[in-house]
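J.: Encoded as structure tokens, here's the structure I'll be asking about.
Read-outs throughout are calculated quantities, based only on the coordinates presented, and are distinct from any laboratory measurement. What you see is a predicted model, and the numbers here were worked out from it, not measured in a lab. Here the Cβ positions follow ideal geometry from the backbone for every residue, glycine too, while neighbour counts run over all protein chains shown.
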Amino acid sequence: MDYKVADLSLADFGRREIQLAEHEMPGLMAIRREYAASRPLAGAKIMGSLHMTIQTAVLIETLVALGADVRWVSCNIFSTQDHAAAAVVVGPEGTVDDPKGVPVFAWKGETLEEYWWCTERALSWPGGGGPNMILDDGGDATLLVHKGAEYEKAGAVPTAAEDDPEEWKIILDLLRRTVTSEGRWTRVAEGIKGVTEETTTGVHRLYEMFKNGTLLFPAINVNDSVTKSKFDNKYGCRHSVIDGLNRATDVLIGGKVAVVCGYGDVGKGCADALRGQGARVIVTEIDPICALQAAMDGFQVTTLEDVVGIADIFVTTTGNFNIITADHMSRMKHQAIVSNIGHFDNEIDMAGLAKLPGIVKTEVKPQVHTWTFPDGHNIIVLAEGRLMNLGCATGHPSFVMSNSFTNQVIAQIELFTKTEQYPIGVYVLPKHLDEKVARLHLDALGVKLTTLTKAQAEYIGVDVEGPYKPDHYRY
Ligand code: NAI
């Protein structure tokens, strides 16, 4: 088996944590039981690009239990849990000397070159050819296949401009080495039945491609299942934002001033958690609806300019770029903590910070750095500006990821088994499946659901069995 992880001897530790996680992931385990006999993913060759954590290990082993042949990478250079990666490679039946699990190409602390090398490796099936399904988080695997096919069609890979981001130059280099006149990436794209996308940022990319007419295969937007974005993004971040801050710095959050940039699903979870710790939370927003929500939830809403010099903790949650600039950072208090929990690292202008004259970067420990300005004051930047909950801590807990990943598995089954029902486009799962995901998680929390009477169901115009809300309902 080809694979590349940090240390296979961590597999036993990983396996013990996977076993704990399985108990906390009732949705995924129920799906395993439901499809044990029919194995609807038999024949599926799934390339996954999603944070290689313990929770993801349970997802991977669910896909395998349903019959899929899987290869995996992390979708972030810092988010891999090395014991999880090792356990997945060894597999439940294998040993360190005779691994029998799934090929994983991921370790904590990859360089960007290594990251893209891993992605290319996981897209390359032994014996030639590529996957027939992608399970993506943020859209990097989808991007590589699309760009490869695009440049093969154009007959050349463009040269990067001097001021292009470093990462883009690395992608172009990789493509220059891997595009072929026979159309290697074109063939990979043609073989893909579809992609299921995990996060807000990846979903944006898919809708853009569909709008531009460049999307090459159908996609299911898993993020906008209610049981994903209204749970993982919100309650998941409510848990893991604090975990990231604590493990990175262990500063007392109570009494501090915390600024949350963006009040979407992730921002709502983060602001709630920071308030729960006793911080005075200030929100910034560009959308009047979200700004009004934040105000009515009791948060001061103002601009970053107004509070940049008084806050102790900053968390960006926007999925947008250049939210915190180098100039903002130079005006922050001594030892202000600067962090991002959005998908990509460009919410904080790290490149601009590094270019400030006289600035000195010092590693406190991996993924925690001080940046000292010429006047002697410094700020603390978490995970080099990448998502701090996965870079500095272990991301969301199992139970909330069970909701997200049950949607992922259902979406994979949909696209793989009903391909002809999904012409190129971006889809969300039907509401009855969203409700099914929620239902699978109720027992574990001791929730007792009220059953509609037939008359009540008729009165509100739904079936006793659901779906209970129209598609436009917002929760
Ligand atoms: P969202 O679209 O619900 O929220 C983003 C909010 O930021 C919006 O309300 C938008 O109006 C606001 N915003 C945009 N530009 C802004 C600016 N310049 N200043 C202030 N606010 C601005 O998106 P969601 O679902 O909250 O996701 C946000 C990011 O977090 C995405 O990149 C997503 O992929 C990522 N994500 C990260 C997770 C993690 O575990 N780290 C989990 C889930 C999502």
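J.: Can you list the HN-Hα couplings for region 372-378, worked out from phi with the Karplus curve (6.51, -1.76, 1.60; θ = phi - 60°), rounded to whole Hz and with x for Gly and Pro?
T.: 9, 8, x, 7, x, 7, 9
J.: Using modelled backbone amide H atoms (1.01 Å from N, in-plane), which distant-in-sequence or interchain residues come within less than 5 Å of K4's amide H?
T.: So K4 has HN proximity to V104, F105, A106.
J.: Any idea what the relative contact order of region 312-431 is, in percent, if you count C-alpha pairs under 8 Å spaced at least 6 apart?
T.: For region 312-431, the relative contact order is 22 percent.
J.: Let me ask something else. Of A160, P423, G391, which is farthest towards the positive pole of the chain's charge dipole, taken about the Cα centre with +1 and -1 on the beta-carbons of Lys, Arg and Asp, Glu respectively?
T.: P423
J.: Which of I323, A351, V241 sits closest to the plus end of the dipole of region 237-392, meaning its Cα is farthest towards the positive end, when Lys and Arg get +1 and Asp and Glu get -1 on the C-beta?
T.: V241
J.: Contour minus end-to-end for Y475 and T362, with contour as 0.36 nm per residue of separation and end-to-end as the Cα-Cα distance?
T.: 36.2 nm is the gain from fully extending Y475 to T362.
J.: So what is the relative contact order of the chain, in percent, for Cα pairs below 8 Å that sit 6 or more residues apart?
T.: 15
J.: Around R39, which amide H atoms from residues at least 5 apart in sequence, or from another chain, sit under 5 Å from its own amide H, with H modelled in the peptide plane?
T.: Result for R39 returns nothing.
J.: May I ask for the distance between the Cα centers of region 23-67 and region 368-418, given as a whole number of Å?
T.: That distance is 21 Å.
J.: Can you list the GluC sites (Glu not before Pro) in region 391-475 that are in a DSSP coil and have 12 or fewer other beta carbons within 10 angstrom?
T.: Passing both the DSSP loop test and the Cβ count: E465.
J.: Right, here's the next one. Do any GluC sites (Glu not before Pro) in region 1-101 lie in a DSSP loop with no more than 12 other beta carbon atoms within 10 Å, and if so, which?
T.: Filter output for region 1-101: E93.
J.: For each of T394, T417, T62, count neighbouring Cβ atoms within 10 Å of the residue's Cβ, then give the residues from fewest to most.
T.: T417, T394, T62
J.: Given +1 on the Cβ of Lys and Arg, -1 on the Cβ of Asp and Glu, and no further charges, what dipole in debye does region 53-127 carry about its Cα centre, rounded to the nearest 20?
T.: For this selection, approximately 140 debye.
J.: Now, a different point. Size of the dipole of the chain about the Cα centre, Lys and Arg at +1 and Asp and Glu at -1 on the beta carbon, nothing else charged, in debye to 20? Let's see the in-between values first.
T.: Details: 44 positive and 61 negative charges, 155 e Å.
With Lys and Arg at +1 and Asp and Glu at -1, about 740 debye.
J.: Right, next: Around D7, under 12 Å between beta carbons, what's the net of Lys plus Arg minus Asp minus Glu among the other residues?
T.: Net of charged neighbours comes to 0.
J.: Mind putting a number on the dipole of region 84-225 about its Cα centre? Charges go on the C-beta only, +1 for Lys and Arg and -1 for Asp and Glu, and I need it in Debye to the nearest 20.
T.: Once rounded to the nearest 20, the dipole reads 520 debye.
J.: Counting other C-beta atoms within 10 Å, and keeping those with at most 14, which DSSP coil chymotrypsin sites (Phe, Trp or Tyr not before Pro) do you find in region 159-267?
T.: The qualifying sites: there are none.
J.: Here's another thing I want to ask about it. Along region 430-443, what does the Karplus equation 6.51 cos²θ - 1.76 cosθ + 1.60 (θ = phi - 60°) give for ³J(HN,Hα), rounded to whole Hz, x for Gly and Pro?
T.: Listing the rounded values in order: x, 4, 5, 6, 4, 5, 4, 4, 4, 4, 5, 10, 6, 4 Hz.
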